[in-house]
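Undergrad: Dumping the structure here so I can ask a few things about it.
What follows draws every value from the coordinates through simple rules; no lab data is involved. Just so we're clear, the structure is a prediction, and the values are computed from it rather than from any experiment. A quick note on method: Cβ atoms are made from the backbone with ideal geometry, for glycine too, and the neighbour counts reach across all protein chains shown.
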Amino acid sequence: MTANKPTLKINFYNDKVTSITFIDNEDYSVPDIVNFSNVFLRDSSTSPDAFDPVSGQKLFTTSSIPKDLIPAKEPEIYFDNSLNEFVIKINWSDKNESVYPESFLRKYSSDENRKSGKYYEDRVEFWNLKKLLKPHRVLYYDYISYLENKDKAFLNSLINLNKFGLTFINNIPKDIEIGDTEDPYIEKIAKKIGYIKETFWGRLFDVRSVPTPKNIAYSSKEIILHMDLMYYESPPGLQLLHSINNKVEGGESIFVDAFNAARYVMEKDPHGYFALCNVPINYHYDNDGHHYFYSRPLIVEDQNKIDPLTNLAEITEINYSPPFQAPFEFGITSPLRKIGDFKDHGKIDNYQSAKDSGDRYLFRDFHRGLKIFEDFINNPENQYQLRLEAGEAVIFDNRRILHARTEFVDEVGSKRWLKGCYIDRDSYFSKLRTTYKAHNI
């Protein structure tokens, strides 16, 4: 960039906004003219009295900014050699002096650019079996290559996780013996992404049949499609499973993209989809000295993240776990009151009656939408079914991917043994951002 031709221009400023033109702008994601809120600009200040460069933390609160804040004089545009770009310096009426690089102003000029480096929904691909198994698509990565990022194996594993919600690791050493309580391999795979989340199942957990299981996962029975720990306030983001031994008949793993199922419901029955986004489902675990309970809708959207291509809100998570579903509490009754009850509380009763009726109709829509959702996920064309062989591991997004297991025959845990653990989504997204940034993606 040359310093002799400014790429920014101040159009005007007042006590509400500062208007900026991006000169010779060829970036379609950046508007030519942007009116920036003065409060936003002042709130984003990185001046010494507003920002600690060591910790990266703000030193003031947003509400402390005067509502009638205005540049005290004409903002100055100049080329900063240390940044190698043009900047705008603003002396604010509250005595603060702030400098705003052009790259910062461009980043916050549009919704699309504001998401850059934080969210990667534009790289998410909904899949069925045919789409997932396209020719030349790589879903498995070598264990050592993953740990050392040889041939970008770790990067590509993260890309798969973000794009499809799952990825696989193979060629894991097979030297774990029956009775071992530790699994250094699944720990190394997990720690490459983030911190292991400990739950009441432990830091690591075994998935194998036991004589009197507290969870159906620890039996040889079929496990239907579900997600783990929906009864937690903050369910795990990722689940990892390492196959140590798998010499049984049956016991195959099944994975389904629940985001794809949700979009299918929206296309087939918008009212049913709306109900799935709003009717709370109760989940609980009341066993073995533990009692967990949480309510959440099946589909969660973020209305602040709109897909520019479809103009639809982004789906951020699915909550589906029939084995741990508690009785509903929404839209399930039609209460009738004695005539005398209406004498003093008529208005309240009339309101309650209308609300009950509305909830019941929404619950009917929910039931219809749920049937469409379940028909979709139980269709083999939408399922990826495989045998997780010894020396292989799967990592999948527990807030997007449903998983199941077929029934198998085993002599109480001797022939099918998986070690598992969880990672919070925050750790995963942090690693995704830093890795993408390191590879300039």
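Undergrad: Suppose R0 equals 60 Å; then what is the FRET efficiency for residue 21 and residue 332 from their Cβ-Cβ distance, rounded to the nearest 0.05?
TA: For R0 = 60 Å, the calculated efficiency reads 0.55.
Undergrad: Next question, about the same structure. Using θ = phi - 60° and the Karplus curve 6.51 cos²θ - 1.76 cosθ + 1.60, what whole-Hz ³J(HN,Hα) does each residue of region 280-287 get, with Gly and Pro shown as x?
TA: x, 9, 8, 10, 8, 9, 10, 6
Undergrad: With charges only on Cβ, +1 for K and R and -1 for D and E, what is the dipole size of region 8-115 about its Cα centre, in debye, rounded to 20?
TA: I would put it at about 320 debye.
Undergrad: Taking 0.36 nm per residue of sequence separation and subtracting the Cα-Cα distance, how much length would be gained by fully extending the chain between residue 133 and residue 174, in nm to one decimal?
TA: Gain on extension, residue 133 to residue 174, equals 12.0 nm.
Undergrad: Moving on. Over all directions, how big on average is the projection of the convex hull of the alpha-carbon atoms in region 8-115, in square nanometres?
TA: Result: 7.1 nm².
Undergrad: Please report the Cα spread of the chain along all three principal axes, rounded to whole Å, starting with the longest.
TA: Projected onto the principal axes, the Cα atoms of the chain cover 80, 76, 41 Å.
Undergrad: For residue 364 paired with residue 84, estimate the spin-label separation in nm (one decimal), with each label point 7 Å from Cα along the Cα-to-Cβ line.
TA: Each label point is offset 7 Å from its Cα along the Cβ direction, giving 6.6 nm.
Undergrad: Ok, one more. Between residue 10 and residue 249, what is 0.36 nm times their sequence separation minus the Cα-Cα distance? Round to one decimal in nm.
TA: Answer, rounded to one decimal: 78.8 nm.
Undergrad: Of 150/305; 95/437; 16/73; 89/118; 247/419, which pairs sit farther than 25 Å apart, going by alpha carbon to alpha carbon?
TA: In this structure, 150/305; 95/437; 89/118 lie more than 25 Å apart at Cα.
Undergrad: Ok, one more. What are the ³J(HN,Hα) couplings of region 395-403, residue after residue, when phi is run through the Karplus curve with 6.51, -1.76, 1.60 and θ = phi - 60°? Round to Hz, x for glycine and proline.
TA: Here the 3J(HN,Hα) series is 10, 9, 7, 6, 9, 10, 9, 7, 9 Hz.
Undergrad: A further question follows. Which chymotrypsin sites (Phe, Trp or Tyr not before Pro) in region 2-108 pass both tests, a DSSP loop state and at most 11 other beta-carbon atoms within 10 Å?
TA: Filter output for region 2-108: 28.
Undergrad: Tell me, what are the semi-axes, in whole angstrom and largest first, of the equivalent ellipsoid of region 1-40 as set by the roots of 5 times the Cα gyration tensor eigenvalues?
TA: Taking √(5λ) for each eigenvalue gives 21, 13, 8 Å, largest first.
Undergrad: Show me the chymotrypsin sites (Phe, Trp or Tyr not before Pro) within region 376-441 that DSSP assigns to loop and that have at most 16 other Cβ atoms within 10 Å of their Cβ.
TA: none
Undergrad: Something else about it: What does the helix-only formula give at 222 nm for the chain: each DSSP H stretch with n ≥ 4 adding -39500 (n - 2.57), the total divided by the residues, and the result rounded to the nearest 500 deg cm²/dmol?
TA: For the chain, the value works out to -8000 deg cm²/dmol.
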